[in-house]
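Colleague: Quick one: this structure, given as structure tokens, is what I'll be asking you about.
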Ligand code: XMP
């Protein structure tokens with residue numbers, strides 16, 4: 001296992017982060033020379049920081065590929081395009097592969113199979129894009145130190161991404177010795193938006209594991225809208241929990257509107273606090289916020305006619321529903 005060099009001091013301030021950035025820019029330029037580097041940019045903290053760092057070091061020699069698997073949260077692909085293409089002027093290839101993912105997931109109920117399909121399709125789409133790029137020698141990855149430490153043991157989750165088989169690249173991993181909090185300071189110092197750098201964890205398979213059961217487009221859209229409301233209202237609180245989101249399972253119950261009965265899905269609110277995601281405590285959402293979320297969801301989200309609050313701890317529940 002690679003060890004964090006003892007010369008690398010903990011990064012907690014912007015000054016320390018700037019020193020790290022300056023060193024890494026030189027190191028990347030030295031490693032890469034005039035060659036091209038490819039990066040799968042998910043919009044998560046780690047890949048975003050790597051993109052900003054490489055863009056600073058080698059500019060247009062970096063090709064970022066943002067694959068939209070259709071399971072991202074409301075506004076996410078738009079933010080990636082805005083930040084990296086419009087503001088940072090980075091070389092960004094945007095692939096909307098929503099149809100391909102949703103077609104492959106059609107009728108699939110088993111959570112692990114859903115994860116496998118999402119992971120495999122992601123690699124296929126990314127590999128196809130990689131082949132379209134001429135003369136790429138390097139692949140950049142947002143590996144961080146806990147990834148290296150964890151990979152010694154059994155990895156709990158299959159993540160989206162990884163090195164596509166059959167594509168031979170050398171790796172560029174500029175933040176591989178940093179902890180998450182250090183990556184965030186580096187991202188902040190590089191000028192990335194705060195909501196990108198300090199955002200809550202979001203699983204690789206995205207909304208796919210929160211649209212419980214076989215995913216349908218209408219229920220996925222309802223989930224995306226309801227989730228945006230949950231995030232917006234919870235982010236108004238003074239103490240924002242570690243993770244907070246919405247789940248829409250594949251069940252329906254009776255509702256009533258204009259004196260007529262109709263069937264609708266429930267939206268389930270989940271918010272937890274944890275240190276390491278191994279155990280977690282349900283976060284006590286203030287009643288005022290719960291009522292606001294409830295009122296907004298039933299008014300603004302077609303298809304939802306009931307709002308529930310999952311306040312179970314882990315264990316016995318996991319944080320995600322699938
Ligand atoms: P659970 O549901 O196991 O989740 O209590 C613990 C933490 O891991 C995240 N999670 C995932 N992250 N790919 C990921 O990248 C996955 O397949 C996955 N499943 C769960 C979850 O959001 C929580 O933070």
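The values are calculated or read from the model by the stated rules, or taken from the named source; none is laboratory data. Remember, predicted model here, so these are calculated numbers, not experimental data. Here the Cβ positions follow ideal geometry from the backbone for every residue, glycine too, while neighbour counts run over all protein chains shown.
Colleague: Within region 172-180, can one find any residue that is modelled with pLDDT of 95 or more, part of a helix (DSSP H, G or I) and more than 16 Å from the ligand (Cβ to nearest atom)?
Modeller: If we filter region 172-180 for residues that are modelled with pLDDT of 95 or more, which is where we start, we get 172-180.
Okay, now just the ones that are also part of a helix (DSSP H, G or I), so 180.
Next, from what is left, pick out any that are more than 16 Å from the ligand (Cβ to nearest atom): none.
Checked against the condition, which is being modelled with pLDDT of 95 or more, part of a helix (DSSP H, G or I) and more than 16 Å from the ligand (Cβ to nearest atom), region 172-180 yields no hits at all.
Colleague: Does residue 241 meet the test of being in a loop (DSSP other than H, G, I, E, B) and in contact with a strand residue (DSSP E or B) (Cβ under 6 Å, 6 or more places away or on another chain)?
Modeller: Taking the combined requirement at face value, the residue satisfies it.
Colleague: Working only within region 269-310, note down all residues that are away from the ligand (no atom under 15 Å from the Cβ), surrounded by 15 or more Cβ atoms within 10 Å (Cβ to Cβ) and assigned to a loop (DSSP other than H, G, I, E, B).
Modeller: 285, 301, 303
Colleague: So which pairs qualify, if the first residue must be in region 123-135 and in contact (Cβ under 8 Å) with a residue 40 or more places away in the chain, the second must be assigned to a helix (DSSP H, G or I), the Cβ gap must be under 8 Å, and the two must be at least 6 apart or on different chains?
Modeller: Every condition considered, the pairs that remain are 125/100.
Colleague: Could you tell me which numbered condition residue 185 fails, if it satisfies all but one of (1) over 20 Å from residue 277 (Cβ atoms); (2) at pLDDT below 95; (3) not in a loop (DSSP other than H, G, I, E, B)?
Modeller: Tallying (1) over 20 Å from residue 277 (Cβ atoms); (2) at pLDDT below 95; (3) not in a loop (DSSP other than H, G, I, E, B), residue 185 fails exactly one: (2).
Colleague: Restricting attention to region 58-79, and to residues there that are part of a loop (DSSP other than H, G, I, E, B) and buried (at least 21 other Cβ atoms within 10 Å of the Cβ), which single residue is nearest to the chain's Cα centre (by Cα)?
Modeller: Taking region 58-79 and keeping what is part of a loop (DSSP other than H, G, I, E, B), we get 69-75.
With buried (at least 21 other Cβ atoms within 10 Å of the Cβ) added as a condition, the list becomes 69-72.
Working: 69: 11, 70: 12, 71: 10, 72: 8 Å.
My answer is 72.
Colleague: Return the residues of region 39-57 that are crowded, with 23+ Cβ neighbours inside 10 Å, over 17 Å from residue 181 (Cα atoms) and over 17 Å from the mean Cα position of the chain (by Cα); say none if nothing qualifies.
Modeller: Correct list: 54 only.
Colleague: Name the residue, out of 15, 82, 34, that is surrounded by 13 or more Cβ atoms within 10 Å (Cβ to Cβ) and either touching a residue at least 12 places away in the same chain (Cβ under 8 Å) or in a helix (DSSP H, G or I) (or both).
Modeller: Values: 15 fails: surrounded by 13 or more Cβ atoms within 10 Å (Cβ to Cβ); 34 fails: surrounded by 13 or more Cβ atoms within 10 Å (Cβ to Cβ).
Selected residue: 82, the only one of 15, 82, 34 that is surrounded by 13 or more Cβ atoms within 10 Å (Cβ to Cβ) and either touching a residue at least 12 places away in the same chain (Cβ under 8 Å) or in a helix (DSSP H, G or I) (or both).
Colleague: Looking only at residues in region 201-217 that are within 8 Å of the ligand (Cβ to nearest atom) and not in a helix (DSSP H, G or I), which one is nearest to residue 252 (Cα to Cα)?
Modeller: The initial filter retains those residues of region 201-217 that are within 8 Å of the ligand (Cβ to nearest atom), namely 201-205, 209.
Now restrict to residues that are not in a helix (DSSP H, G or I): 201-205.
Details: 201: 29, 202: 26, 203: 25, 204: 27, 205: 24 Å.
It comes out as 205.
Colleague: Does region 232-242 include one or more residues that are surrounded by fewer than 17 Cβ atoms within 10 Å (Cβ to Cβ), closer than 15 Å to residue 73 by Cβ, away from the ligand (no atom under 16 Å from the Cβ) and free of Cβ contacts under 8 Å to residues at least 60 places away in the same chain?
Modeller: Yes, that holds for at least one residue.
Colleague: Applying the selection to region 311-322, what residues are assigned to a loop (DSSP other than H, G, I, E, B) and either within 12 Å of the ligand (Cβ to nearest atom) or closer than 15 Å to residue 248 by Cα (or both)? Spell out how you get there, then give the answer.
Modeller: Taking region 311-322 first, the residues assigned to a loop (DSSP other than H, G, I, E, B) are 311-313, 315-322.
Of everything in region 311-322, those that are assigned to a loop (DSSP other than H, G, I, E, B) and either within 12 Å of the ligand (Cβ to nearest atom) or closer than 15 Å to residue 248 by Cα (or both) turn out to be 312, 313, 315, 316, 317, 318, 319, 320, 321, 322.
Colleague: Moving to a separate point now. Taking the criterion of being within 16 Å of the ligand (Cβ to nearest atom), modelled with pLDDT of 95 or more and closer than 25 Å to residue 320 by Cα, would at least one residue in region 249-262 satisfy it?
Modeller: If we filter region 249-262 for residues that are within 16 Å of the ligand (Cβ to nearest atom), which is where we start, we get 249.
Narrowing further to those that are modelled with pLDDT of 95 or more: 249.
Next, only the ones that are closer than 25 Å to residue 320 by Cα stay: 249.
Within region 249-262, one or more residues are within 16 Å of the ligand (Cβ to nearest atom), modelled with pLDDT of 95 or more and closer than 25 Å to residue 320 by Cα.
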